[in-house]
Amino acid sequence: MVHFGLATTAEIAEELAAKLRAHRLSQNISQRELAARAGISNKTLTTFEQSGRVSLDVFLRIVAALGLSESLSTLFELKQQTIKEMEATQQRRQRASRRHP
């Protein structure tokens, strides 16, 4: 399993593709059937499962076709903070400093 905080974007994409492939297989769905459900070509799905590279639209179509759309709802949720953490957040910089040549 890839640690997303340390991985490259290519590694993250490959990991997401592997996870979706595992979901496809656990549901006993062929590539051809999933591609049809998602409204994409079989070649596009094959490419995605091998490399992780597709457009966001295609990625979301695959997720939806696997019935996993609800899983995305918590993807970028803001975490609850304590009052102390909120106060520290308010003190953080709002802008980067100007770069000096």
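Coordinate-derived values only; no laboratory data. Only a predicted model underlies this, so the values are computations on that prediction, with no experimental measurement involved. Cβ placement follows ideal geometry from the backbone for every residue including glycine, while neighbour counts extend to all protein chains displayed.
What is the calculated FRET efficiency for Ser51 to Phe76, with r their C-beta to C-beta distance and R₀ = 25 Å, to the nearest 0.05?
Approximately 0.55, to the nearest 0.05.
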Return one number: the angle in degrees, 0 to 90 and rounded to the nearest 10, between the long axis of the Cα atoms of helix 9-26 and the longest principal axis of the Cα atoms of the chain. 40 degrees
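Assign unit charges at the C-beta atoms only (+1 for Lys and Arg, -1 for Asp and Glu), then state the dipole size of the chain relative to its Cα centre in Debye, rounded to the nearest 20. Kindly include the intermediate steps, with their values, before the conclusion.
Numbers: 15 positive and 10 negative charges, 87 e Å.
With only Lys, Arg, Asp and Glu charged at Cβ, the dipole is about 420 debye.
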Taking other Cβ within 10 Å of each residue's Cβ, how do Arg32, Arg24, Arg98 sort, fewest first? Arg98, Arg32, Arg24
Taking the chain as the reference, fit the longest principal axis to its C-alpha atoms, fit the long axis of helix 42-51 to the helix C-alpha atoms, and give the angle between the two in degrees, 0 to 90, nearest 10. 50 degrees
So how far apart, in nm, are the two label points at Ile83 and Ile12 if each is 7 Å from Cα heading toward Cβ? 3.5 nm
Would you compute, for the Cα atoms of the chain, the largest minus smallest coordinate along each principal axis and list the three values in descending order, in whole Å? 53, 39, 25
Using only helices, what value at 222 nm comes out for the chain when you add -39,500 (n - 2.57) per DSSP H run of length 4 or more and divide by the total residues, to the nearest 500 deg cm²/dmol? -16000 deg cm²/dmol
Lysines near Lys19 by alpha-carbon distance under 22 Å, same-chain residues fewer than 8 away left out - which ones? Lys43
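By count of other Cβ within 10 Å, fewest leading, how are Thr8, Thr47 ordered?
Values: Thr8 9, Thr47 16.
So the ranking, lowest neighbour count to highest, is Thr8, Thr47.
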